[in-house]
Structure formats: structure tokens, C-alpha cells
């Protein structure tokens, strides 16, 4: 059987396809097939794709010389087991030529991310990094976390490796510079300062507590902080604190002191030595148990912008340098690399990767694996983190981790959630309502973190107009609003820096778009914009297995009835429902056990027991005369008069 190769496709940058002749009834397999295609392959750089009988991409590779590289696959005994299996399945080949080997490396990374071939080293977690946006389309600029296309007017700072790193920086910006985080619609609707102003994290420009010029000064200070001039900002604030103190304006001096402390804390929290490092990424790989953890630390403006752990999919025989090289090519396919990347291992093709990343970034990118000094200590710190993260992953339940990974994929989360909070309410016609919160994570249900909320506010004041769920009432919306407001208001007061690991990565609501709208409104009002939200609504006829998942600003999502993530969501919802019903039953039982005697001044547990034992019921006590009451052991004549008057005061 012969293979076809179109000579016109030998031009650089165009695709060339090698496949079995369609007139033949049976195609060669494995090595025999590849040997027949070699003469048709070009000698130029490019990328090749191995295909199976179904046309699926088995493997994507790059080459400086396509014919020479593909020839190596005919020497089966020199290949690792993984590639031997790949060769045995190969019945088709596609190639794309490029001008340089560096271009081939970039194209290879792009095609691996697109096709996800089973025999390649794969970076599965390719979520984009968040950044901080300082808006420029409003008289009072807003500071917020941003992800995605940068099409809003303003200045972007980052990237940050995680939502935690962004939250830490946003907290400092609010505490030190009192910038607003609320949306423009919330800003326009405010009539009085919000909670953030009360806890001294916003200057309340929405209600004119600060004029535009003064607020602009705060914005400039924040911009200086984000570009690395935190020490200069501290000196200015220290000078103003001293001036206020000299004027005996100690309240203003205390405000400057608090802002200085906020800046000092973020500098003290740097857990790696950053001296001499401006903008760089620290990338370290650790292997154990046939798996690899790659830790990426992002350093910008002289500060640690956080780190993230990655667990690429690869064969057990892939060495760390090989995995690290494949990771870098895919990682920087969607992220602009900095000028310096510090590595834990020297790469097999380090000069080539450096050239390719330089093409990608538009500036020179230097890769180095330091062996001594401060930069080596940075690598050692990243390796310690990689070792610890891989140890945790290996120790976790494989099933639970797969479910969390699947949940992150279904809900399009930045990363698998480490803490999920699920909220539900329980009541009977609005009486004795109870809100419930359960918590789940990698270890399963964290029952010690469960909380119940006895509803205190007036019901019937829900703010949603959704009508797609007949069972939802204004009472349900009002209860959900109170529960979420109490939960997150307390979190803002007790752990504003989010250092106590008590903030959720994901909040799930039992309900539909109405409940979701309430939850979104509560978080917006509190200035919380980085907690993922979703609501789980029962399907038609309230049947399990046909649930709809609602997310803010996205169309409803329906999973297949046997989808494992759907079962997981059902378990979370059912556990919240069980806990809410139990809390409501407990409140009802406690109410039933109370009697009219509990409200009488001076009647404690001992006297109550004596009266009930003597008369048999609270109703009989209410009908007793003064002399009968005084005859009870422990009830004096004065107490008998109090009890009698309590029941007969209106009669």
C-alpha cells in the first residue's frame, strides 16, 4: 500500500497529510506504516500528528527535521512502552511545516491543548490567571478582580496565581487606600454607607463622604503600591500621621496608622525572599508515586503574587525535566511569560524553549536553573511547596478529588473547590424558620463546620420576582437573604484578610434563579465579588435526576442523569436539606416543650416542675386559686399571688 503526499503542501507553514491510500482495503500498522511514509516527509522543521483508525490524534510532536524525527519511531525497541503502544495504534499521519523549530514548539503546545492526545504530557488545568483592574471609566474608580478579555477601560495589574493572592491584595487596597469595590449600579443606588465603610475598608464616595479630588489621591497611592512603590507610600503616610499627631488630631493619625499597618502586613506576609527580583516566575517540579507536581510562583513589582500547583498528566516513566519542558510550552501558550523564569531543572532543550517563549512574549525570555544564592533558595522554597502539595494529593481520596475536579469543570471554576458551602431553609408556613449551612471539601463533609441560623427578621420581604419555581415564596427569599447576610457579614468582620481558611470557594443554593438572585444581591451589597455561586433547582415535577444548575449571567445547565457530578450535587443538596429539617425539628420540639409557665417572672425550672407535678398541666395551674397555688411545695404566698395575677390580670 502506498501513501499520498501533496508536494504543494511542502511550503512552510502549510499542512501536509499522510494517510493510507483509499483504494487499498487494508492499511499497514505501526512501524510498517511509518516506514512507508518516510520518503514523503519534508526535511524542514514542523509538527506531526499520529492518528488511529478513528481519526483521533494519538500524539503530537515537534521536530527540527520532520523526516529524521519520524524515522526514530521505526526503531521500536528504543522507545518507551508508552510510545510503543502509540506506534502500534498509528494508521495515519499529519504534518505541518514551520519556518523554525521554535515556531514548531509553539504550534506543538497549541495543538496539544486543542486535541489533548492520550500519549502526550498534558496540562489539564489551563485556567487563565486573574488580575486586578483599576477602572478609568468612572469619576470614582473601582478596584476589582478581573479575568478574561481586557476590554474595560482602566489599568490592569498582575497576573496573580490564585484568587487567594488577588483577595489578599484587594484587602490591602481597601484597608490602606479605602477604594470602593462595589459595582457602578450598587454605587449609584446607595443612600447610606455600607458595611465596608463601617469596618474602615471604604471611603464611601457613594454618599459623598470624600470628594473626587481626595479620592483621586487615594487612587494614585494605590497605583503606586501596585507598581512596587509600597515603601514610598508608607513614608508619605507616616509623614501625614505625624502631622496629624502634631495637630493633636489623633483620630486622623489613627486612621493613617491603620493604613500603614495594612501595608506592613502584606510585606511581612511575603514567604519568599524577593530581593533583587523584579518580575519573574519560579517554576519547580517534584515527582513521587509516578506523578508530578509543578509549583509556579509569580513575582511582580517586588512582591509575591501567589502560587499555584499543577499536576500534569503523563506516563510514569517521564522524568521531571521532560515533564517540566512540556509544561512550560503549554502553560505559556495562554500566558505571557516574564523576562526571567527560574527553574528547578535544566531542560533537555532549554535554549529552544527560551527562543520559543521569546517569540511568544515579544521580548527576550531567559530560562535559568540557579544552583546557589538567593535564587536557589527561591527554587528550594517552591520545591518544598511542590513536595507538600503532591503529598496531600496522594493522600486524598481519589474519588472525592475526581468529583471536585469534575465539579470545577462543570461549573467552570478557576480550580477545584477546597471548601463548598451549601445553604438551605426549612419552615412550615413561615413559622419557626431555620436556615442551614453545610460544608464539604476534599475530606468529605466537614460536620464540625455546619451552622444553623434561627431566622430573626420579618419574612415576606424577598426581592426576587422569579416565578419558575412555584414552591418559592417571598418568605424563602427573605430567609435566604438573612442567612447569607449574617454569614458573610460575620466573615467580613472576623476574618477580613481571609487567613483562617473559613471562606468558601463555592456557594451552592438549594433553589432556582430567584434564590440565586438573592444570593448575588447579598454578595454584591457586601462588596464580595470573588465567591463562585450556583443554585440547584429540581427539574419538572420536582423529580431527581432532572435538576437544573443556575449560575450568575450564564444559561441554565442540565447534566446527564447518570453524570457523577450530578450525583455529587444531589448529595450536597440532600445533606443540606437533611440538616435544615433537623434544625427546624429541633426548634419546633424546643418550642413545644415550653409552657406558659416559662414566661412568669420568678418561675424557674424547679418551681415549674413542682407546679406541673402538683396540678398536672399548665392549663390546670392557670385555673388554680391563690390558696391552691400556695399549697405547692416551694411556692410561697407571694409567689402564688404572682402566678395567679399573671393568668388573671386581664380577667
Order by protection proxy (mean Cβ within 10 Å, highest first), peptides 560-573, 602-615: 560-573, 602-615
Convex hull projection area averaged over all views, the stretch 131-228, Cα basis, nm²: 6.1 nm²
How high is the FRET efficiency from residue 128 to residue 251, r the C-beta distance, R0 41 Å, rounded to 0.05? 0.40
How much length is gained if the chain between residue 494 and residue 567 is pulled fully straight, taking 0.36 nm per residue apart and subtracting their Cα-Cα distance, in nm to one decimal? 22.9 nm
Neighbour-count order for 98, 74, fewest beta carbons within 10 angstrom listed first: 74, 98
Using a 7 Å offset from the Cα along the Cα-to-Cβ direction at both residue 401 and residue 637, what is the distance between the two label points in nm, to one decimal? 8.0 nm
Kindly state, to the nearest 0.05, the FRET efficiency for residue 137 paired with residue 54, given R0 = 60 Å and r defined as their beta-carbon distance. 0.75
Using 15 Å as the cut-off for backbone N distance, which residues of the stretch 85-102 belong to the label zone defined by a point 7 Å from the Cα of residue 29 along Cα→Cβ? 85-92
May I ask you to derive the relative contact order of the stretch 280-395, considering only C-alpha pairs under 8 Å and at least 6 residues apart, and to give it as an integer percent? 32 percent
Determine the percent antiparallel among the DSSP beta bridges restricted to the stretch 280-395, to the nearest 5. 70 percent
Would you please classify the overall shape of the stretch 596-648 from the alpha carbon gyration tensor, given that a ≥ b ≥ c denote the square roots of the eigenvalues, rounded means a/c under 1.5, and beyond that prolate means a/b larger than b/c while oblate covers the rest? rounded
Rounded to 0.05, the calculated FRET efficiency for the beta carbons of residue 313 and residue 227 at R₀ = 35 Å is 0.40
Can you tell me what the convex hull of the Cα atoms of the stretch 271-403 projects to on average, as an area in nm²? 8.4 nm²
Residue span residue 198 to residue 82: 0.36 nm per residue of separation minus Cα-Cα distance leaves a gain in nm of 35.7 nm
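Read-outs: derived from the displayed coordinates by stated rules, not from any lab. Only a predicted model underlies this, so the values are computations on that prediction, with no experimental measurement involved. FYI the Cβ positions are ideal-geometry reconstructions off the backbone, even for glycines, and counts take in every protein chain you see.
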